[in-house]
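Written out below as C-alpha cells is the structure these notes cover.
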Amino acid sequence: MNNFRYSRASDIADAIRLLAPDPGAKLIAGGTNLIDLMKENVERPSRLIDISRLPLREIVETPDGGLRIGALVPNSDLAYHPLIEQRYPLLASAILAGASAQLRNMASVGGNLMQRTRCPYFYDTATPCNKRSLGSGCSAIDGLNRNHAILGTSNSCIATNPSDMSVALAALGALVHIAGPNGERTIALTDFHRLPDDKPHLDTNLGSGEIIIAVELPPHSFARNYSYLKIRDRMSYAFALVSVAAALELEGNAISGARVALGGVAHKPWRSLEAEAALRGQAATPDHFGHAADLLLQGASARSHNGFKIELARRAVVRTLMQATNATPQSQAHKKIA
Amino acid sequence: MGDVTHELPDRIPTRLVINGVSHTLDLLPWTTLLDALRDHLALTGTKKGCDHGQCGACTVLIDGRRVNSCLTLAVMKDSAEITTIEGLAKDGALHPLQQAFIDHDAFQCGYCTPGQICSAAGLLAEGRARDADQIRELMSGNL
C-alpha cells in the first residue's frame, strides 16, 4: 500500500468538507474492495476519510411503505434484516449470493455500489487498462475476456460490474440518496452506474465530493414471485458469469408486472423496459420468457472468449422467470437449480 | 513544491481490546489489523495467507463478528473488541470447536485452521446455518 493520510469524519458534512480540497482523497467504510485495490497499487489515495462511524446504519420505513437503508448498513445485516427477508427477499437472496460471510460482515451498502470491476487487467498494473489509466488501451478486448461484458460495451472497455446486490436493486427500482457540496439529490439505481463509452475510468455518476447516504426501496417488493440465480465457475464465493434477478406480479398465470435485471454481462446492472413491457398481459410460459430474454439481450455482442454468455444469459433468464412463476426461488445454500 | 509529499503521516494512537486485554499501539494508518496482531503484538495465531480476503486464514472476530483482518485497517478499529484464535480457550479449556477439530482430525497442514475455527465461531454466533449445505455455503470464505 502507498503511504496515505487518515482522517475520521465526525459527521456527513465533515466528510464532504474533508473530500473537497483533495482530489486524491477517498472515502473508506468496510474497505473490502478499496484495501485490496490499494495492496495491488491500483488505488493510491492521498488520504482516506473514514466514514465508518457516521450514523448511517438505520433501516427505516418510508411514509409511502418502502424502506430507506443507511449507506453503512453491512451487507450481512441487510440480508438478514426481518423487513428485508419478509418484504424484499429478492434483495436478501442476491446479497447472500455474493462474496463470503466475512466480507458481507464488513462490506457496506454504499461500498457495494462503489466496488470496482474484477477485470484482471484492471488489477494488473503491468498491462494497459483504460479504466485504470485512461488512454492506455484495453487489454481485455483482444485478451482473456471470458468473463467480460456482452452488452453496452465500448471500444475502450468491456469490464463488468461485479455486484450481486446492485442487480436486485436495479430490478426492484431502488433509489440512491446522495449528499454533496451542493446539498442532497436522489437518482435511480439504474442511473447510478454508467456504461463505459469513452470514459471507462468513471464507474458511476457520483460527482466528485459526493457521498452516498442511503438506498431507498420502493413499496412494491415482489415478495412472492421472485428469484435470484447466479451462474459461476464454482458453487460459492465467485463472481457471476451471468446472474439474473427476476420478479413477477401474477394474476393467475397472467403476468401483470415483470422485472428482470442481468448481472455479470455489462458495466452496470442490465434492464430493458421493453423486455419487461413485452411480458405484461402474457401468460407466464417459457416461450414468452424466451421472447423477453431475446429483447433483453438485443444488441449483445461477443469477443473471442465470451460468446457462450449470450446463450447462457438467455437460458438463465427463462429459468429464473420460471422459478419466480413457481414461487420456488433459487436457494443460495442448496445449489441444485430448480 | 514537494514540501509535504514525502512526509510520513503521524502515527495514530489506537486502542485495541484483544482477547480481553487492552493494548494501545501507535500505528501508521496503512497497518492492517492482521499486521498489528502479528508484528506489533506477536499474536501469530492469526495467519497471513493470500492477504487479499480470499483465503480466510486471517479471520478474527471483531465485536463478535467474523471478518478478514487482512482487509481491515487497525486504526479504524479503535476501541473494538477483537477475539483471535489465542482468545477462544477459556480457563485452560479448549473452545468446543478447537476440541472438535482435534477429535475429527480436521487439519491438513494446519495453516488455515485458526481462520477456519474463528470463522466457525462466527458462524455459530450468527445462527444461520441449519444443515450441511448451509454450513458449506457460510464457510466458503475459508479455503
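The values are calculated or read from the model by the stated rules, or taken from the named source; none is laboratory data. Note that this is a predicted model, so its numbers are computed, not measured. Neighbour counts are summed over all protein chains in view; Cβ atoms, including those assigned to glycine, are modelled from backbone coordinates with ideal geometry. Quick note on the areas: whole protein, heavy atoms, side chains included, nothing else; ligands and nucleic acids left out. Shrake-Rupley method; radii C 1.70, N 1.55, O 1.52, S 1.80 Å.
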For segment A:249-293 and segment A:57-121, distance of Cα centres in Å | 24
Can you give me the P(r) profile for chain A? Cα pairs, bins 10 angstrom wide beginning at 0, each as a whole percent.
-> 6, 26, 35, 24, 8, 1, 0
Quick one: if you stick a label point 7 Å off each Cα along the C-beta vector at A:HIS305 and A:ASP142, how many nm between them?
-> 1.6
What nm distance separates the two modelled labels at A:ALA20 and A:ALA188, each placed 7 Å from Cα along Cα→Cβ?
-> 3.3
State in Å² the accessible area per residue of segment A:181-290; use a 1.4 Å probe, count heavy atoms of protein chains only, and round to the nearest integer.
-> 41
Under 28 Å Cα-Cα from A:LYS199, which lysines qualify once same-chain neighbours fewer than 8 residues away are excluded?
-> A:LYS26, A:LYS39, A:LYS131, A:LYS268, A:LYS309
Using DSSP loop states and a limit of at most 13 other Cβ atoms within 10 Å to flag trypsin sites (Lys or Arg not before Pro), what is the longest stretch of chain B containing no flagged site?
-> B:12-129
Can you give the accessible area per residue of segment B:48-118, in Å², using a 1.4 Å probe?
-> 44
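For A:27-40, what's the mean count of beta carbons from other chains sitting within 10 Å of each residue's beta carbon? Please report the intermediate quantities before stating the final value.
Details: counts 0, 2, 1, 4, 7, 6, 2, 2, 11, 8, 1, 3, 7, 1.
So the per-residue partner count for this stretch is 4.
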Summarise the accessible area of segment B:73-123 (1.4 Å probe, protein heavy atoms) by the percent that is carbon and sulfur.
-> 53
Work out the FRET efficiency for B:SER79 and A:GLU249 from their Cβ-Cβ distance, taking R0 = 45 Å, and round it to the nearest 0.05.
-> 0.40
Extending each Cα 7 Å along its Cβ direction at A:ARG315 and A:ASP294, get the distance between those two points in nm, one decimal.
-> 1.8
Between A:ASN145 and residues 5 or more places away or on another chain, the pairs with built amide H atoms under 5 Å apart involve A:HIS305
Under 12 Å, Cβ to Cβ, from A:ASN33 - net charge with Lys/Arg +1 and Asp/Glu -1 | 0
Where the centroid of each part is defined by its Cα atoms, how far is segment A:298-338 from segment A:126-147 in Å?
-> 27
For the pairing of chain B with chain A, what total accessible surface becomes buried, with a 1.4 angstrom probe, in square angstrom to the nearest 100?
-> 3100
Result row for chain A, helices from DSSP H with C-alpha axial extent 18 Å or more and mean Kyte hydropathy at least -1.0, is A:308-325
Could you give the distance between the Cα centres of segment A:175-246 and segment B:33-61, to the whole Å?
-> 32
Segment A:34-69 scanned against label point 7 Å out from A:SER133 along Cα→C-beta; backbone N under 12 Å for A:42
Over segment A:225-325, with every protein chain in place, what whole percent of the accessible area is carbon and sulfur at 1.4 Å, could you tell me?
-> 51
Of A:GLU184, A:GLU210, A:GLU276, which has the largest mean-square fluctuation in a 10 Å C-alpha GNM of chain A?
-> A:GLU184
Any idea what angle helix B:113-126 forms with the longest principal axis of chain B, computed on alpha-carbon atoms, 0 to 90 degrees, nearest 10?
-> 80
Across A:ASN112, A:ASN33, A:ASN253, the residue with the highest GNM fluctuation in chain A (Cα network, 10 Å cutoff) is A:ASN253
Which residue, B:ILE12, B:ILE102, B:ILE117, tops the fluctuation ranking in a GNM of chain B built on C-alpha contacts under 10 Å?
-> B:ILE102
Within the accessible area of segment A:84-149, what % is carbon and sulfur when the probe is 1.4 Å and the other protein chains stay in place?
-> 54
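Leaving out ligands and nucleic acids, and using a 1.4 Å probe, what accessible area per residue does segment A:7-123 come to in Å²? Display every interim value, and only then the final one.
On the way: 4170 Å² over 117 residues.
Each residue of segment A:7-123 exposes 36 Å² on average to a 1.4 Å probe.
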When the label point is put 7 Å from the Cα of B:VAL21 along its Cα-to-beta-carbon vector, which residues of segment B:57-98 have a backbone N closer than 13 Å?
-> B:84, B:86-88
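Around B:THR59, with a cut-off of 11 angstrom between Cβ atoms, what is the net charge of the other residues, counting Lys and Arg +1 and Asp and Glu -1?
Residues close to B:THR59 contribute a combined charge of +3.
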Dipole axis of the protein assembly as shown (+1 Lys, Arg; -1 Asp, Glu on Cβ), positive-most option in A:SER93, A:LEU56, B:ILE117 = A:SER93
Provide a list, ordered by number, of residues in segment B:67-90 showing at least 20 Å² less accessible area with every protein chain present than when their chain is taken on its own, using a 1.4 Å probe.
-> B:VAL67, B:ASN68, B:LEU71, B:LEU73, B:VAL75, B:MET76, B:ASP78
